[in-house]
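What follows is calculated from the coordinates using simple rules that are stated; it is not laboratory data. These numbers come from a predicted model, not from an experiment. Don't worry about glycine lacking a Cβ; one is built from the backbone with ideal geometry, like all the others, and counts go over all protein chains shown.
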Amino acid sequence: MANTHFFGPDTFASPEQYLPMPFRFERLDGNRVLLTNSSGEYAILSRPIFDDFVSGRLPAGSGECLELKSRSFLMHGADPATLRAVASQWRTKKAFLESGPKLHIFVPTLRCNQGCGYCQVSRAEAKTAGVDMPFEKARSAIDLMLSAPASSMTMEFQGGEPLLAFDLVRRMVETAAERSSLAGKTLSYVICTNLTLLTEQHIDFFRKFNVCISTSLDGPSDLHDRNRPFSGASSHAVVVENIRRCHDDLGPGSVSALMTATRNSLGRAEEIIDEYVRHGLTSIFLRELNPYGFASKSGKAIGYSTDDFVAFYKQSLRYVLDLNRSGVRMIEAYAAILLRKILTPFGVGFVDLQSPTGEGFGVVLYNYDGDVYASDEARMLAEMGDKTFRLGSVSDSWISIMTGPTMQSLAAAGVAESLPGCSDCAFVPYCGADPIRHYRTQGDIVGHRPTSTFCHKQKEIFRTLFDLLDAADEETMSILLGWLNLRRSCVSSPS
Ligand code: SF4
C-alpha cells in the first residue's frame with residue numbers, strides 16, 4: 001500500500017501506564033469511594049475499581065480510565081494540556097478573589113419591632129436611641145464601598161429591621177445609585193426585612209430600584225408566631241399578607257424567604273415546606289440556629305444537636321424533591337448553593353463556604369456606629385462585646401481596611417485547603433474555612449475539625465448530596481440541574 005501522510009492508530013494510543021493526578025477521597029460506604037480534585041471534579045468509584053486505579057492497574061482503554069482522564073484524575077505521560085485545563089478550572093473556581101468583596105452589608109439600625117428568641121444580632125427595642133446610622137457615616141460608608149475595586153456590587157440592608165429606618169435606607173440607595181454611576185460601577189440592592197411594616201411607599205421604592213426582598217417565614221402560624229413574637233398581633237398573618245402584596249405588585253419571585261429551625265420545627269418539615277408553597281414561594285433556605293446573639297443564650301429552650309438538624313434537613317430535602325416530582329417547583333437553597341459548587345466550574349458568593357474565607361474577601365459590613373467588620377457574624381460578635389474582627393471605621397481608606405492585622409489573621413486561618421482536617425478532606429473543594437465561627441465556637445480561629453459542629457453538619461450534607469447524585473435517575477438529575485441558577489437574593493439572611 002502506498003505511503004500516506006497519516007500515522008497509524010498506535011501513534012495516538014495512550015501508553016498503558018498512567019499517572020494519577022492529585023486527588024482526595026472519602027469512603028461513602030463499604031463499597032463506594034468519592035474522589036475529588038482541586039478543580040472541583042468528582043467521581044464515585046466502586047471499591048475494586050478504586051483499588052485498581054490507585055494501584056495503576058486500570059486498563060488503558062477501559063471506560064473508567066477514560067472517565068477519570070476526562071475529569072483530570074489521571075494523565076498519560078507529561079501532558080501540559082491537561083495541566084493547563086486543571087489550572088484554568090481552578091482559577092475559575094477562585095475567581096471571586098479577583099476584584100475583592102462584592103457583597104457590602106449595611107446596618108442602618110439595630111432597632112427591631114420583633115422579639116425573636118433566636119435573634120443573632122442582639123437587636124435593640126424599636127424605640128431605642130443611638131442605634132441608627134447617622135447619615136454622615138452612611139455617606140462615608142458608601143464612599144468606602146465605591147472605593148473598592150469590584151465593578152459590580154450588592155448593597156444589602158440588614159438590621160435590626162431596616163424598614164424602621166426607611167428614610168435613611170432610601171437616602172442611602174439614592175446616594176449610592178448616583179455615586180455609583182459616576183464611578184462606573186453597577187449596584188444591586190437587597191433588603192432583609194421581617195416584612196411586618198410594609199407600606200405602598202416601600203413597594204414603590206423597591207420597584208424603582210429593583211430591590212430584592214429577603215424575609216423570614218418559619219412555617220405555619222403557630223410555629224412562626226412562637227419563634228417570631230410580635231406585640232399585639234400574629235406576625236405570621238402580617239408577613240404572609242405582605243408576601244402576597246409583594247407578589248401582586250412586584251411580581252412572583254420578588255420575595256425570597258428562609259426559615260430558622262428551632263426545636264419546635266423538628267419533625268414538621270413537610271408542614272413548613274407546604275406553607276411556602278401555599279404562599280407562592282419557590283425556594284426555601286433551611287437555616288440552623290447560629291451561635292451568636294440571643295440565640296446563644298436560648299439554646300436550652302429552643303436548641304438541638306447537629307444530628308437533629310441534619311435529620312430535619314434530610315427529611316426536608318426529600319420532601320422538596322418529592323414536590324418537584326409531582327410538578328410543584330420548589331428549591332432548597334442551601335443544596336442549590338452546594339450543587340452549584342459541585343456541578344459547575346463556578347464559585348458561589350456564599351460567605352460560609354468560601355476558601356479563602358468570604359469574611360473580608362467576599363463581604364464587608366458597615367455597622368450603624370460607623371465600624372467596619374469582616375462579615376455579618378463579625379458584627380454579631382461585636383454586639384456580644386467582642387470586636388476581634390473589626391476591620392476599621394468608615395473614615396479609614398479601603399487599602400488600610402483590607403491590609404490591616406485583622407484581615408491578615410483571617411487570611412492566615414481562612415484557606416481551608418491548608419487547615420488541619422480540611423487539607424485532606426474530599427469535600428474541601430466545595431467547603432469553606434469559616435474562621436469566625438470556629439473562633440466563636442472553639443475559641444480558635446483555625447478550629448479543630450473533628451469536634452467542629454460546622455464540619456460535622458457539612459460532612460453529613462455533602463454525603464447526602466453525593467448519595468443523591470450517585471443514585472439520581474434522569475428526572476431527579478433534571479430537577480437538581482434546574483436549581484443551579486439560584487439568584488443571589490435567595491441566600492441573603494434576615495436576622
Ligand atoms: S470543614 Fe469539614 S467538611 Fe468542610 S472541608 Fe473541612 S474537614 Fe471537610
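Structural remarks
- Of all DSSP beta bridges in the chain, antiparallel share, percent nearest 5: 40 percent
- Unit charges at the beta carbon, dipole of the chain: most positive-side option, 393, 247, 36: 393
- With the simple spin-label model, which puts each label point 7 Å out from Cα in the Cβ direction, the residue 325 to residue 204 separation comes to 5.0 nm.
- Gyration tensor verdict on the stretch 330-453 (Cα atoms; rounded if a/c is under 1.5, prolate if a/b is larger than b/c, oblate otherwise): prolate
- Nonlocal amide H pairs with residue 28, under 5 Å, H built at 1.01 Å: 33, 34
- By the count of neighbouring beta-carbon atoms within 10 Å, fewest first, 375, 72 end up ordered 72, 375.
- Among the listed pairs 127/300; 127/387; 69/93; 300/387; 314/457; 127/297, a Cα-Cα separation exceeding 18 Å is found for 127/300; 127/387; 69/93; 300/387; 127/297.
- The stretch 70-87 - phi-based ³J(HN,Hα) in whole Hz, Karplus 6.51/-1.76/1.60, Gly and Pro as x: 5, 9, 6, 8, 8, 9, 9, x, 5, 10, x, 5, 5, 5, 5, 5, 5, 4
- Phi-based couplings in Hz for the stretch 17-22 (Karplus 6.51, -1.76, 1.60; Gly and Pro marked x): 7, 10, 10, x, 8, x
- Top positive-direction residue, dipole computed over the chain with Cβ charges, set 446, 259, 177: 177
- Taking θ as phi - 60° and the Karplus parameters 6.51, -1.76 and 1.60, the scalar couplings of the stretch 405-412 work out to x, 5, 5, 5, 6, 5, 5, 5 Hz in sequence order, x denoting glycine and proline.
- Interchain or long-range residues, amide H under 5 Å from residue 105's placed H: 156, 364, 365, 366
- When only Cα pairs below 8 angstrom with a gap of at least 6 residues are kept, the chain shows a relative contact order of 17 percent.
- Amide H within-cut-off set for residue 331, under 5 Å, with H built and near neighbours excluded: 283, 284
- Positive-end residue of 206, 422, 87, charge dipole of the chain with Cβ unit charges: 206
- Cβ charges +1 (Lys, Arg) and -1 (Asp, Glu), total dipole of the stretch 116-221, debye: 220 debye
- Footprinting exposure proxy ranking of 288, 377, fewest other C-beta atoms within 10 angstrom first, gives 288, 377.
- Shape class of the stretch 19-127 from the alpha-carbon gyration tensor: oblate, with a/c at 1.5 or above and b/c at least as large as a/b.
- Taking Cα centre as origin and charging only the Cβ of basic (Lys, Arg, +1) and acidic (Asp, Glu, -1) residues, the dipole magnitude of the chain rounds to 560 debye.
- Spatial separation of Cα centroids for the stretch 346-393 and the stretch 313-331, in angstrom: 33 Å
- DSSP-loop trypsin sites (Lys or Arg not before Pro) across the stretch 208-316, with at most 13 other Cβ within 10 angstrom: 297
- The stretch 174-232 and the stretch 119-165: distance between their alpha carbon centers, rounded to Å: 13 Å
- Shape call, the chain: gyration tensor on alpha carbons, a/c limit 1.5: prolate
- Taken about its Cα centre, the stretch 17-93 carries a charge dipole of about 240 debye when Lys and Arg each add +1 at the Cβ and Asp and Glu each add -1 at the Cβ.
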